[in-house]
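Peer 1: Take this structure, written in structure tokens, and hold onto it; I'll ask about it next.
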Amino acid sequence: MTIEVSSLRKEFSSPSGTITAVDGIDFSIDEGDFFTFVGPSGCGKTTTLRCIAGLETPTSGSIRFDGEDMTGKPAHKRNLAMMFQNIALYPHMKVKENISYPLKVRNVPKQERYENAEEAADIMQIRELLEKYPGELSGGQQQRAALARTIVHEPEAFLMDEPLSDLDAKLKVEIRKEIQRVHDRVEKPTIYVTHDQEEAMTMSDRIAVFNDGGIEQIGTPDELYQRPTNRFVANFIGNPSMNFFDGTVDRASGETVVVSVDGRDVELRVVDSTAVGVGDEVTVGVRPEDVRLDRNDGDLEGEITLIERIGKQMLATIEGPQGEVRVTLPADNAYEKGEVIRLSIETRATHLFDSGSNDVVTRGPDV
Amino acid sequence: MSTINKHGSRARELRDEAFEFLSKKKVLAALTILPPMLLFTFVNLVPIVGVIGASFFSINAFSNEWQWIGVANFETLLSSDSFYDALSRSVVYAGGSVVIQVVFGTTLALLLNRSFKFVNIARTFAILPYLIPNAVIGFMALWMLNSQWGIVNQLAVQIGLIQGYVSFFGSQESAMLAAILTSSWKDSIFVTVMVLARLQAIPESFYEAAKMSGATAYQRFRDITLPNLKGVFFIVLLLRAVWMFNTFDYIWVLTQGGPRGATTTAPIYAYNVAFGTSRLGIAAAVSTVLFLVLLVAAVLYFRIFEPSEEVRAE
Ligand SMILES: Nc1ncnc2c1ncn2[C@@H]1O[C@H](COP(=O)(O)OP(=O)(O)OP(=O)(O)O)[C@@H](O)[C@H]1O
Ligand SMILES: [Mg+2]
């Protein structure tokens, strides 16, 4: 099945006025795509998902499955499996009855239903919980039971709203794999909602970055990481997140742009210097791994205010006149908190954004 | 200034002392538990024990002479057919009323639980009859069902439901049914209120999850709504059954137990024995037996339906 969403708008009326939760978004999902919505809290991810599910009626716009308009088709006839953000297991049914409920409504015999429930429970590692009631399960166990319910459903598409938010880091990685395995096996489109950009980056075929009711950019994880079209996406994707310096264009010719950041000239290589003109206000974006520290040499200056470990590497935070800068360092570096240090930017790996519109204007050849 | 200050601090001291005193565990326990205990003792316990005690005496209503006669009252009672008739009429009256009240009350609750324009006004109007005293309901029903000018007769004839005017409370065949329907009109609202409260507590997300699983409206009702109502049905059935079994006021206003005993339920029977024949000892024995019947029925009900199993929600 394919899913096409065009000009989707959803408004809610509230006592204090109209809230536009989704403000005209377009995207399409192909057969077998793993498509992820990411974005900060309250940006309209759940609302969009509920419109696709048929639980909300769009204010305007259309949703098509395989080209067929879904307006007016009730949720229970769309044959989609949904994992709710608030889990929504039935408290009066045992876990096995919960998991097999999509089969019960299709009048599958009890024996067969429970066999399916057991298989799904095995995948989610909750076999021993089948005879319990949801109230007796931990949050993470409930999430896995709800996931198992989507597996037995055998739907036309999966809709998952932050399905792993209550799991510990190790289990998260394991269940993530299981979700992907199920996805690969059934070859149905999956829409996956998360605000964890790392989860999005590792699981998805394509990602839509939501912000304030709209979509900022849609692309593969690599596209979003390497070629963000605006500052919001550049900032949201990647952890630790990108550094930004505000500056003014001093010179632009050939492959070179010189930006004056806080009175110091920084020379950058870009693919297209004609995109900027002298005097333009721009924002230079550079990832923490593309900034180098040195005790003597560098364009910018600052004081190390924090050094913390992130995985194999260390992350240094440097305060300077140009603002806060995050830099990744090898674990065996000799820098210490409190040191005043010089910074230099990897000149071929920067993104230039228009300071007014925040849209990208050009970028380095090696981003 | 200083006097005000002194005065203020004295008041505060007193207040603090009072608070301290009231906060003592024993004082607090006594103050909170004693009043209801006293109320229970004098309003419930003393009359109950009194009635049970009285059932072992022969009592003259006018001279207030009590004469111990052992279980003779019970023997008389249990060998009298009219008592068994009254008891079985009580079962019919209570059973019929409970069925109608639960069915009608639940239906009304389901309707009022939907969201539509003016739903709050509709709810208010539906619940209003509950504020009318039973006796008033009884008199209204008497007039509405009157065999000569009653609006029900008039309408039923006009629509063609019946050929001629019917004396609903005057015929032995229809009196019980008419009494059941009259009592159920108002008391269904009790069921409505309880069921509606429960319905409103069922999270919308259960229904949404069921929709996503492909459940039709009927399946959602069967698998979500009904199981969630089990607990409230358990309580409502018990309360309504006990209440209707003991009901006196409606029937007394409508038929005084007539015609020719057709609506003489056990409470009416007890009243007739006590004040019609002035045999207070036997009347006390009737009440004692009714009490025991209800007690046994309630215990069996709890045994069979085990609420701890049924009342599983959230
Ligand atoms: N039923 C509703 N009535 C009114 N406003 C709503 C309703 N549902 C959502 N909203 C509003 O719409 C906006 C988008 O909400 P939505 O639940 O889609 O966000 P989200 O992206 O899923 O956020 P989160 O990551 O926190 O789950 C929010 O501002 C929210 O307050
Ligand atoms: Mg959400």
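For every residue, the table says whether it meets (1) away from every other protein chain (no Cβ under 14 Å); (2) at pLDDT below 90.
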| residue | (1), (2) |
| --- | --- |
| B:Gly214 | no, no |
| B:Leu237 | yes, no |
| B:Trp252 | yes, yes |
| B:Pro259 | yes, yes |
| B:Thr263 | yes, yes |
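This table checks each residue for (1) under 17 Å from B:Lys211 (Cβ atoms); (2) crowded, with 23+ Cβ neighbours inside 10 Å.
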site	(1), (2)
A:His76	yes, no
A:Ala81	yes, yes
A:Pro109	no, no
A:Leu130	no, no
A:Gly139	no, no
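Peer 1: Further question: What residue, of B:Gly150, B:Gly138, B:Gly105, B:Gly70, is buried (at least 17 other Cβ atoms within 10 Å of the Cβ) and over 20 Å from B:Phe245 (Cβ atoms)?
Peer 2: Step by step, each of B:Gly150, B:Gly138, B:Gly105, B:Gly70 is checked, and only B:Gly150 is buried (at least 17 other Cβ atoms within 10 Å of the Cβ) and over 20 Å from B:Phe245 (Cβ atoms).
Peer 1: Suppose we filter A:Glu301, A:Glu336, A:Glu281, A:Glu255 for residues that are at pLDDT 90 or above and surrounded by fewer than 19 Cβ atoms within 10 Å (Cβ to Cβ); which single one remains?
Peer 2: A:Glu281
Peer 1: Moving to a separate point now. I'd like to verify a number: residues in region A:207-228 that are farther than 20 Å from A:Asp196 by Cβ, surrounded by 19 or more Cβ atoms within 10 Å (Cβ to Cβ) and either within 14 Å of another protein chain (Cβ to nearest Cβ) or away from ligand 2 (no atom under 16 Å from the Cβ) (or both), how many?
Peer 2: 0
Peer 1: Would you confirm whether or not region A:160-181 contains a residue that is exposed (fewer than 15 other Cβ atoms within 10 Å of the Cβ), more than 16 Å from ligand 2 (Cβ to nearest atom) and within 14 Å of chain B (Cβ to nearest Cβ)?
Peer 2: No, every residue in region A:160-181 fails to be exposed (fewer than 15 other Cβ atoms within 10 Å of the Cβ), more than 16 Å from ligand 2 (Cβ to nearest atom) and within 14 Å of chain B (Cβ to nearest Cβ).
Peer 1: Let me ask something additional. Please go through region A:54-69 and give me each residue that is assigned to a loop (DSSP other than H, G, I, E, B), more than 16 Å from ligand 2 (Cβ to nearest atom) and surrounded by fewer than 20 Cβ atoms within 10 Å (Cβ to Cβ), ordered by number.
Peer 2: Result: A:Thr57, A:Thr59, A:Asp66, A:Gly67.
Peer 1: Then there's this: Taking the condition within 25 Å of A:Pro365 (Cα to Cα) and in contact with a helix residue (DSSP H, G or I) (Cβ under 7 Å, 6 or more places away or on another chain), does A:Val266 pass?
Peer 2: Taking the combined requirement at face value, the residue does not satisfy it.
Peer 1: Among the residues that make up region A:52-65, is at least one of them hydrophobic (A, V, I, L, M, F, W, C), more than 14 Å from chain B (Cβ to nearest Cβ) and under 29 Å from A:Met201 (Cα atoms)?
Peer 2: Looking only at region A:52-65, we keep the residues that are hydrophobic (A, V, I, L, M, F, W, C), and these are A:52-53, A:55, A:63, A:65.
With more than 14 Å from chain B (Cβ to nearest Cβ) added as a condition, the list becomes A:63, A:65.
After this cut, where a residue has to be under 29 Å from A:Met201 (Cα atoms) as well, the list is A:63, A:65.
For region A:52-65, residues hydrophobic (A, V, I, L, M, F, W, C), more than 14 Å from chain B (Cβ to nearest Cβ) and under 29 Å from A:Met201 (Cα atoms): present.
Peer 1: While we're here: Looking only at residues that are under 14 Å from A:Gln141 (Cα atoms) and of a type in the set (A, V, I, L, M) in region A:84-117, which one is farthest from the other protein chains (Cβ to nearest Cβ)?
Peer 2: Looking at the filtered set, the residue picked out is A:Val95.
Peer 1: Quick one: A:Phe37 ticks every box in (1) away from chain B (no Cβ under 14 Å); (2) within 29 Å of B:Thr216 (Cβ to Cβ); (3) in contact with a Ser or Thr (Cβ under 9 Å, 6 or more places away or on another chain); (4) surrounded by 15 or more Cβ atoms within 10 Å (Cβ to Cβ) except a single one, so which number is it?
Peer 2: (2)
Peer 1: Are there any pairs, at least 6 apart or on different chains, whose C-beta atoms fall under 8 Å, with the first in region A:192-205 and away from chain B (no Cβ under 14 Å) and the second acidic (Asp, Glu) and more than 16 Å from ligand 1 (Cβ to nearest atom), and if so, which?
Peer 2: A:Asp205/A:Asp33
Peer 1: Here's something else I'd like to know. Could you tell me whether A:Glu324 is among the acidic types (Asp, Glu) and more than 26 Å from the chain's Cα centre (by Cα)?
Peer 2: Working: among the acidic types (Asp, Glu): yes; more than 26 Å from the chain's Cα centre (by Cα): no.
It is false that A:Glu324 is among the acidic types (Asp, Glu) and more than 26 Å from the chain's Cα centre (by Cα).
Peer 1: So, one more: With the condition kept exactly as written, say whether any residue in region B:232-253 is assigned by TED's automatic domain parsing to the domain that holds B:Ser287 and closer than 30 Å to A:Ala75 by Cβ.
Peer 2: yes
Peer 1: Name every residue in region A:230-288 that is among the β-branched types (Val, Ile, Thr), part of a strand (DSSP E or B) and more than 26 Å from A:Glu216 (Cβ to Cβ), in order of residue number.
Peer 2: Listed by number, the residues that qualify are A:Thr256, A:Val258, A:Val266.
Peer 1: Tell me which residues, restricted to region A:190-217, are away from ligand 1 (no atom under 16 Å from the Cβ) and within 21 Å of A:Leu80 (Cβ to Cβ).
Peer 2: A:Thr190, A:Met203, A:Ser204, A:Asp205, A:Arg206
Peer 1: Within region A:27-53, track down each residue that is of a type in the set (Ser, Thr, Tyr) and within 16 Å of ligand 2 (Cβ to nearest atom).
Peer 2: Passing the criteria: A:Thr36, A:Ser41, A:Thr46, A:Thr47, A:Thr48.
Peer 1: Please verify whether region A:66-83 includes one or more residues that are in contact with a strand residue (DSSP E or B) (Cβ under 8 Å, 6 or more places away or on another chain), within 11 Å of another protein chain (Cβ to nearest Cβ) and of a type in the set (Gly, Ala, Ser).
Peer 2: Yes, region A:66-83 contains at least one residue that is in contact with a strand residue (DSSP E or B) (Cβ under 8 Å, 6 or more places away or on another chain), within 11 Å of another protein chain (Cβ to nearest Cβ) and of a type in the set (Gly, Ala, Ser).
Peer 1: Given the criterion in contact with a Ser or Thr (Cβ under 8 Å, 6 or more places away or on another chain) and not in a helix (DSSP H, G or I), identify the matching residue among A:Met83, A:Met93.
Peer 2: None of the other options fit; the residue is A:Met83.
The values are calculated or read from the model by the stated rules, or taken from the named source; none is laboratory data. A quick note: this is a predicted structure, and the numbers were derived from the prediction, not measured. All Cβ positions, glycine included, derive from the backbone under ideal geometry; neighbour counts span all protein chains shown.
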